[in-house]
Structures are given as structure tokens and as C-alpha cells.
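Colleague: One structure follows; several queries about it will come next.
The values are calculated or read from the model by the stated rules, or taken from the named source; none is laboratory data. Predicted, not measured: the structure shown is a model, and the values here were computed from it. Positions of Cβ are generated from backbone atoms using ideal geometry, with glycine treated the same way; all protein chains shown enter the neighbour counts. All accessible areas refer to the heavy atoms of the entire protein, side chains included, with ligands and DNA or RNA removed. Shrake-Rupley method; radii C 1.70, N 1.55, O 1.52, S 1.80 Å.
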Amino acid sequence: MNVLILGSGGREHALAWKLDQSPQLNQLYIAPGNAGTAKVGVNLPISISDFEAIKKIVVQYQIKLVIVGPEVPLVDGIHDFFSADSKLKDIAVIGPKKEGAQLEGSKQFAKEFMIRHEIPTAKYKSFTKDTLQEAFQFLKELSPPFVLKADGLAAGKGVLIIQDIDKAKDELTAMLTNDKFGAAGNTVVIEEFLDGIEMSCFILTDGKDYVILPNAKDYKRIGEGDAGLNTGGMGAISPVPFADKDLLNEIEKTIVIPSIKGLQKDRIEYQGFLFVGLMIVKNKPFVIEYNVRMGDPETEVVIPRIQSDLLELFIATTTGTLSEYQMQINPQSAVTVMAVSDGYPESYKKGKIISGLDSIDAQVFHAGTKMEGENMVTNGGRVLAVTSLHTDFKEALKNSYNSLTQIHFDGIKYRSDIGFDL
Ligand code: AMP
Ligand code: GLY
């Protein structure tokens, strides 16, 4: 079977690396991919937003399965585009249609879904510029910190957590009336702050049955001790050491099952990943967000722990036979540490030569890399994810950190405290 992965990050390299191991794979294509994906498949220089160009390559290369890495094409309706096209309608797509993708594309939609299906989440209300005064009133009823969420996609920057009520009012005004975050902020969800510890749960579903993939915890802040600006993620660990059997059962019972049943009750067709961001408050899980794709860098620890054939798993998902699927999971821990460009998540330079990857005793997944002639160079803020496995996650971390001392590019930065809180 010929397969296409859309995207260019560490997540897509991890998916490509794993699919490449499947005996059922014929040719793997990645659009646009990176220097890592080029080692396991063929990169195609096509934008993930150019659906017509994607159609052309799917037809030309007789691709039978498309895995959509990031959320934007899903929210923009790539799966609907395939279903509506006579040449593409039989191509299997991993990723929901537009309606299901609203679980990530609209915070308000997600909150309404959770309330409707009695899925535990923070109390909330949503507001527009016409209800700004009511929003100020609602802030007064809450106690700080205040959580403000732009309704739409804002590249991971749309959530503000603010201590001071006046500052919260200013930010709310900026979002609702001054287009901070653009159209994504035309509606703002204000919600109760949940004080707890975060983890993520990953589900692959065919719309009626599901498998739960290894769970993980990521480290979003740029600085050590979880300080500084939010990033796409600086590292991850799987499994989450504090997630014991009772908590996992509780998550499945109160969140996973009601979410899948909720999709069915709402008649939302859904084939693909559902990534549930959780806050554990006094041992009880609450949903803080849904994503309709895998996480990055969580994929770089989740995928290496899956022993089952990933292509078989995707085929089961798209043919509705997941209920019969027996997942095999490696009980070892996986950790990943992200090497990033100096300046990230703010401005940074690209094109720095990367060296030292050949002798590394860890699995390196490429994020922002590309080939420039003979040289591999940096091509993004997040550059490489260095993954290791071990029965003890602390030993795995040691291995990733040892490997990082051998990797070089000008301005390389990474957090040296991944897992510090566990
Ligand atoms: P999100 O983009 O929804 O994942 O939010 C970004 C981050 O904000 C999350 O990873 C949490 O750390 C934090 N967050 C979001 N909602 C809440 C909440 N209700 N209470 C506490 N922290 C939150
Ligand atoms: N690492 C968080 C995300 O992928 O959304």
C-alpha cells in the first residue's frame, strides 16, 4: 500500500519511521517532510494547505491512505474534500472531517460537547464583543487566576492565564474588540482555573470503537522549572509515572467512553486520533482541551512504545475493525528531549549546519531540518527530538542527554530538566 503523511515535524518523522517498518507498506510519501522523513520515504514539496496539489499526488502515486499530521488541514476540511471528490472518495484518511475537527478548531464547540455528554471539564462561559460587560461581570464571580481562551486556532498561543483582574479585562478587550489573535479571538471562552497536574491521553478511533495509545506528559514552557514562554513542547515522557491503574480506569470511564459515545450520539463521523489534554485535580481527571491529531513531541514517545504494526492499526481504523485489534505496547518508558534554535519560541535563525547525528545511541526524530546540498541544516524553531527507551525513565533521560552532548548546531538549546517534577 502507498501511504502519504502530511506535515513536516517530529511527529511526522516518528509516524514515517514507524510506518516504514510495516511489511504492508509499499511506498511512503511525506509532504512536505524534513531531512529525517527523507530517509524513510519520499518527500514531496507540497503545502499541506494546497488540497488540489495533494489530490494530484494522491492520484499520480496511487496513494491509498493519507495520514494528516497537523490540525489546520483537518479544521479546513481536507477529509471532506476527499469525500466529495469522485477520484478521492475511496482513499482512506486518518483524521476527522470538519465537523469533528471542531473539537480542536473551536473551544466553545468543545466545551458544549463536554457539557452535553457530561464529560468533566472546568466551568465556563463564552463571550463576544457584544457581551463584553457580561464577561467583566463573570470575571468578578471567578477567583484568580483567570483563564481566557480564544475560541479558534491560534497556533498554541490562544490561552492566557492571568492573575490580575484588570489585566484580564484588558486582554479580554484586546481579544474581543482589537483582534488580538484575529478571528480566532472573536469569541472567548472564560473558564475556571483547575489547579492540578497535566497529562495527555491519546485515542485512535474508527468512530465506534477505540484503542487507547500510551499516555504521555509534555513540557510546554521554554525554561527550566516550567518557566517562561509557551512552546510547541520541549520534551515528553511516556508513560506518565503517576498515572496508576485506578486513574487510567477513571479516565477511560469518565472521559474516553463518553467522548466516543458523544461523537456517535451527535452523529459525528470520526476516524483518527483524539488527543485529550487532562488536568488531574485531587486524583480526578478533567478535560482541558481536545486535539484532533497526535501531539508533538508526544508522538516521539508514544509511537516508539507501540509494538503493533502501525499500518495495520490505521487500516483497522479506516475499515471499522478496531474492536478486534489487540495493541502491543512496550512496557519500557520513552522520553524525548527537544533541541531547539536559539531564540525560539520567538525569532530565531535557520540554516545552521547540524552535525554529530551519525554516532548517536538514541532515536533522533527530525522536526525543523532540511538538506542544503550535502549539509543538513536547521529549518525551524524545534529542530530535533532525541528519544530514548529504558525500564527507568531517569536512565532513558540520561541517554538522551548524553546523546545531546554529541549533537551540534550553532545556538543549540534544550531544557536540561525534562521529568524534573516526576
Ligand atoms: P490549551 O491550549 O487549552 O492546552 O491550554 C494551554 C495550557 O493552559 C494548558 O496546557 C494548561 O497548562 C493551561 N490551561 C488551560 N486551561 C486551563 C484551566 N482551566 N486551568 C488551568 N490551566 C489551564
Ligand atoms: N505538545 C502539545 C501539542 O502537540 O499540542
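Colleague: More than 16 Å from ligand 1 (Cβ to nearest atom) and modelled with pLDDT of 95 or more, is that true of Leu274?
Modeller: Judged against the criteria, Leu274 is not a match.
Colleague: Also: Out of Phe136, Phe193, report the one residue that is of a type in the set (Phe, Trp, Tyr) and at pLDDT below 90.
Modeller: Phe136
Colleague: Return the residues of the range 157-181 that are open to solvent by 60 Å² or more (accessible area, probe 1.4 Å) and away from ligand 1 (no atom under 16 Å from the Cβ); say none if nothing qualifies.
Modeller: Answer for the range 157-181, where residues must be open to solvent by 60 Å² or more (accessible area, probe 1.4 Å) and away from ligand 1 (no atom under 16 Å from the Cβ): Asp164, Asp166, Lys167, Asp170, Thr177, Asn178, Asp179.
Colleague: A further question follows. Given the conditions (1) open to solvent by 90 Å² or more (accessible area, probe 1.4 Å); (2) in contact with a strand residue (DSSP E or B) (Cβ under 8 Å, 6 or more places away or on another chain); (3) closer than 21 Å to Asn186 by Cβ, which single one is not true for Lys149?
Modeller: Unmet condition: (1).
Colleague: Tell me, which helices (runs of 4 or more DSSP H) wholly within the range 32-85 include 1 or more residues that are farther than 14 Å from Ala101 by Cβ?
Modeller: Answer list for the range 32-85: 51-60.
Colleague: Mind checking which residues of the range 190-214 are more than 13 Å from ligand 2 (Cβ to nearest atom), open to solvent by 10 Å² or more (accessible area, probe 1.4 Å) and either among the polar types (S, T, N, Q) or within 29 Å of Ile165 (Cα to Cα) (or both)?
Modeller: Scanning the range 190-214 gives Glu192, Phe193, Leu194, Asp195, Gly196, Ile197.
Colleague: Next up: Hey, among the residues in the range 136-156 that are without any contact (Cβ under 8 Å) to a residue 12 or more places away in the chain and part of a helix (DSSP H, G or I), which one's nearest to ligand 1 (Cβ to nearest atom)?
Modeller: Glu141
Colleague: Which condition breaks for Gly235 when tested against (1) open to solvent by less than 60 Å² (accessible area, probe 1.4 Å); (2) more than 16 Å from ligand 1 (Cβ to nearest atom); (3) modelled with pLDDT of 95 or more; (4) of a type outside the set (S, T, N, Q)?
Modeller: Going through (1) open to solvent by less than 60 Å² (accessible area, probe 1.4 Å); (2) more than 16 Å from ligand 1 (Cβ to nearest atom); (3) modelled with pLDDT of 95 or more; (4) of a type outside the set (S, T, N, Q) one by one, Gly235 breaks only (2).
Colleague: Also, I was wondering about something else. Of the residues Leu384, Leu389, Leu422, Leu404, which single one is touching a residue at least 40 places away in the same chain (Cβ under 8 Å), surrounded by fewer than 16 Cβ atoms within 10 Å (Cβ to Cβ) and under 24 Å from Lys217 (Cα atoms)?
Modeller: Just one listed residue meets the conditions, Leu422.
Colleague: Looking at Met338, is it in contact (Cβ under 8 Å) with a residue 60 or more places away in the chain, touching a Gly at 6+ places or on another chain (Cβ under 7 Å) and either part of a loop (DSSP other than H, G, I, E, B) or buried (at least 20 other Cβ atoms within 10 Å of the Cβ) (or both)?
Modeller: yes
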